[in-house]
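Undergrad: I'd like to ask you about the structure that follows.
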Amino acid sequence: MTSYYNPDHLANFHSISEHAPDLGKKFFEWYGAAMEDGALSAREKSLIALGVSHAVQCPYCIEAYTKDALKKGYDVEQLTEVVHVASAIKGGAALIHGMQMRETADGLGM
Amino acid sequence: MPESTKKLTVLPTLNRTNNPLAMASHQIELLDSLPLSEGADFDRRLETAGLGTLTATGVDIFQVNLGRVCNQTCAHCHVDAGPDRKENMSREVAEACMRVLAETDIPTVDITGGAPEMCPEFRYIVEESTRLGRHVIDRCNLTILLAKRYQTLPRFLADHGVEIVCSLPHYRALGTDRQRGDGVFEVSIEALRILNELGYGREGTGLRLVLVTNPVGAFLPAGQATIEADWKREMKTRYDIEFSSLFSITNMPISRYLEWLESSGNLASYMQTLVDAFNPEAVNGVMCRNTISVGWDGRLFDCDFNQMLELELAPGQPRRIQDFDLSALSNRQIVTGRHCFGCTAGSGSSCGGATI
């Protein structure tokens, strides 16, 4: 291993099934089904996936869903707004823990 | 109609800058030299898929390319059209085209360019074709409708019931202007409003207004059926514009788009994407099977892309419009190359949008 992240891993992701084929099969079937048109369209799901990719900071998912969202007809300004939504939720999630800090501090302080 | 005061950004064409890729032979050499995976031989791919050789099924569309002159210089243009080009169809060739039309029952005349409206013979061809009772399509870049000397065009097109098929890569300005030149989006929206006012794109008027979206970059287009409803909603709420249908088409690795692919380092991966996305089901509806393409100089081709690559019809077929032979052309073998993967990738692509 020369680095922790390798772009080839994305193309070879399916080989993760090798040592647990039944689980791998279930995962990829479920993954595929989750991304199909349903109550939400596959286009909408692509944007959600892009946002989550940033929230979980997965470089593989970011590459895959940037390409997927462009291919589904969104432009880079729309994709940037998705990233801001993900970042806002991440930032807000950190900040709201400040309430916990305040409650603890207020409880201890004079 | 008002003339637009908005200045569009235009660039020199490949032809003007003596870029080697202005030459068709150089484009074909470049495409053929790419080290792609197995399966990148188009004819062999058809055979492997059990489709045999690509053959015409008839001639339902008479596509005339009136020339290379255009008021825009779009980054993906497969024609290398622009204001610095001079090629225009002559009256002699236009009359030969109309003679062919009169002697056959080809139902549709599809007019393209360049900006075909800039050819002096444009109105003659529209008038003659409609007089002969044919359905006429104008492949319009929209901004020409607001250019100086052309503002009477929208009314002329409406009066003749011409279907307008116009390019708009995206319903937002960013991608449209990046691909088609700064200022193009704003003028295009203005032109669409004028067309709507004339009844274009409105239900019940019979005036069809089709928007054509294509990728702004090195990737495949969005599925036509998956985005049309979104486009209709966005165009209505953002700009109060209505249209009849949306076509989604693939960018062809020819001329300026080929040059962009090469200079941006995307060429090999884009071609591999097209090859990998080969879809046998998309082959049946490719445009060359029911179209004949006529060049500004009267030469005949299987499609507008072959025309730009100077790939003339198969041996034994007529070469010029003056030698038009409907029965020979109706079941001709199509001349193919690696660029053909552009029409068979994914949902397929043709002048009528996706093929499946």
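The values are calculated or read from the model by the stated rules, or taken from the named source; none is laboratory data. Quick caveat, the model's predicted, so the values are computed rather than measured. Cβ placement follows ideal geometry from the backbone for every residue including glycine, while neighbour counts extend to all protein chains displayed. Only protein heavy atoms, including side chains, enter the accessible area calculation; ligands, DNA and RNA are left aside. Shrake-Rupley method; radii C 1.70, N 1.55, O 1.52, S 1.80 Å.
Undergrad: How far apart, in nm, are the 7 Å Cα→Cβ label points at residue A:1 and residue B:314?
TA: Modelled inter-label distance: 5.7 nm.
Undergrad: Identify which of A:65, A:31, A:74 has the largest mean-square fluctuation in a Gaussian network model of chain A, with springs joining Cα atoms closer than 10 Å.
TA: Top of the fluctuation ranking is A:31.
Undergrad: Counting alpha carbon pairs within less than 8 Å and at least 6 residues apart, what relative contact order, in whole percent, applies to chain B?
TA: RCO, chain B: 23 percent.
Undergrad: Which residues of region B:145-185 show a drop of at least 20 Å² in accessible area when all protein chains are present, compared with their chain alone (probe radius 1.4 Å, heavy atoms only, ligands and nucleic acids excluded)?
TA: Listed in order, they are B:170, B:171, B:172, B:174.
Undergrad: Pull out a ≥ b ≥ c, the square roots of the eigenvalues of the alpha-carbon gyration tensor of chain B, then state rounded if a/c is under 1.5, prolate if not and a/b is larger than b/c, and oblate in the remaining case.
TA: In terms of gyration-tensor shape, rounded.
Undergrad: Which lysines, on any chain, are close to residue A:67 with Cα under 28 Å apart, when same-chain ones fewer than 8 places away are left out?
TA: Leaving aside lysines fewer than 8 places away in the same chain, those within reach of residue A:67 are A:25, A:26, A:45, A:90, B:232, B:236.
Undergrad: Could you tell me the calculated FRET efficiency between residue A:52 and residue B:182, based on Cβ-Cβ distance and R0 = 25 angstrom, to the nearest 0.05?
TA: 0.10
Undergrad: Any chance you could get the radius of gyration and Dmax over the Cα atoms of the protein assembly as shown, in Å?
TA: 25.0, 100
Undergrad: Sort B:118, B:235 by accessible area with a 1.4 Å probe, largest first.
TA: Values: B:118 45, B:235 0 Å².
Sorted descending by solvent-accessible area, the residues read B:118, B:235.
Undergrad: Please turn the phi angles of region B:118-124 into ³J(HN,Hα) values with the Karplus equation 6.51 cos²θ - 1.76 cosθ + 1.60 (θ = phi - 60°), one per residue in order, whole Hz, x for glycine and proline.
TA: Listing the rounded values in order: 7, 7, x, 8, 4, 5, 4 Hz.
Undergrad: Keeping the other protein chains in place, figure out the carbon and sulfur percent of the accessible area of the protein assembly as shown, with a 1.4 Å probe.
TA: After summing per-atom areas, the C and S share lands at 54 percent.
Undergrad: Accessible area drop of at least 20 Å² (1.4 Å probe, protein heavy atoms): which residues of region B:213-237 qualify, relative to the chain alone?
TA: B:219, B:220, B:222, B:226, B:227, B:230
Undergrad: Here's something else I'd like to know. Report the label-to-label distance for residue B:130 and residue A:25 in nanometres (one decimal), using points 7 Å from each Cα along the Cα→Cβ vector.
TA: Going by the 7 Å Cα→Cβ label model, 6.3 nm.
Undergrad: Divide by every residue of chain A the summed helix terms, -39500 (n - 2.57) for each DSSP H run of at least 4, and state the resulting mean residue ellipticity at 222 nm, rounded to the nearest 500 deg cm²/dmol.
TA: My calculation for chain A gives -24000 deg cm²/dmol from helical runs alone.
Undergrad: Taking 30 Å² as the minimum loss, tell me which residues in region A:54-73 lose that much accessible area going from the chain by itself to the full protein complex (1.4 Å probe).
TA: Checking the loss per residue gives A:70, A:71, A:73.
Undergrad: So what is the accessible area of region B:69-141 per residue, in Å², with the probe set to 1.4 Å? All intermediate terms of the calculation are to be shown ahead of the outcome.
TA: On the way: 2590 Å² over 73 residues.
With the other protein chains kept in place, region B:69-141 gives 36 Å² per residue.
Undergrad: Follow-up. With θ set to phi - 60°, apply the Karplus curve 6.51 cos²θ - 1.76 cosθ + 1.60 along region B:236-245 and write out the HN-Hα couplings as whole Hz, x wherever there is a Gly or Pro.
TA: 6, 6, 7, 10, 6, 10, 10, 8, 7, 8
Undergrad: How far is it, in nm, from the label point at residue A:88 to the one at residue B:240 when both lie 7 Å from their Cα along the line to the Cβ?
TA: A separation of 2.9 nm, rounded to one decimal place.
Undergrad: In whole Hz and in residue order, list the ³J(HN,Hα) couplings for region B:197-214 that follow from phi through the Karplus curve 6.51 cos²θ - 1.76 cosθ + 1.60, θ = phi - 60°; x for Gly and Pro.
TA: Computed from phi, the couplings for region B:197-214 are 4, 7, x, 4, x, 9, 4, x, 8, x, 9, 7, 10, 10, 9, 10, 10, 9 Hz.
Undergrad: Rounded to whole Å, give me the distance from the Cα center of region B:124-176 to that of region A:36-88.
TA: Using only Cα atoms, the two centres lie 36 Å from each other.
Undergrad: Ok, one more. Nearest 20 debye, what's the magnitude of the dipole of region A:19-108 about its Cα centre given +1 on Lys and Arg Cβ and -1 on Asp and Glu Cβ?
TA: 140
Undergrad: To the nearest 20 debye, what charge dipole does the protein assembly as shown have about its Cα centre, counting +1 at the Cβ of each Lys and Arg and -1 at the Cβ of each Asp and Glu?
TA: Using only the charged Cβ atoms, the result is roughly 780 debye.
Undergrad: Could you list the trypsin sites (Lys or Arg not before Pro) in region B:286-356 that lie in coil according to DSSP, counting only those with at most 13 other Cβ atoms within 10 Å of their Cβ?
TA: Values: sites: B:289, B:299, B:319, B:320, B:332, B:338; in loops: B:319, B:332.
Filter output for region B:286-356: B:319.
Undergrad: Which net charge results for the neighbourhood of residue B:248, defined as the other residues with beta-carbon distances under 15 angstrom from its beta-carbon, given Lys and Arg at +1 and Asp and Glu at -1?
TA: Residues close to residue B:248 contribute a combined charge of 0.
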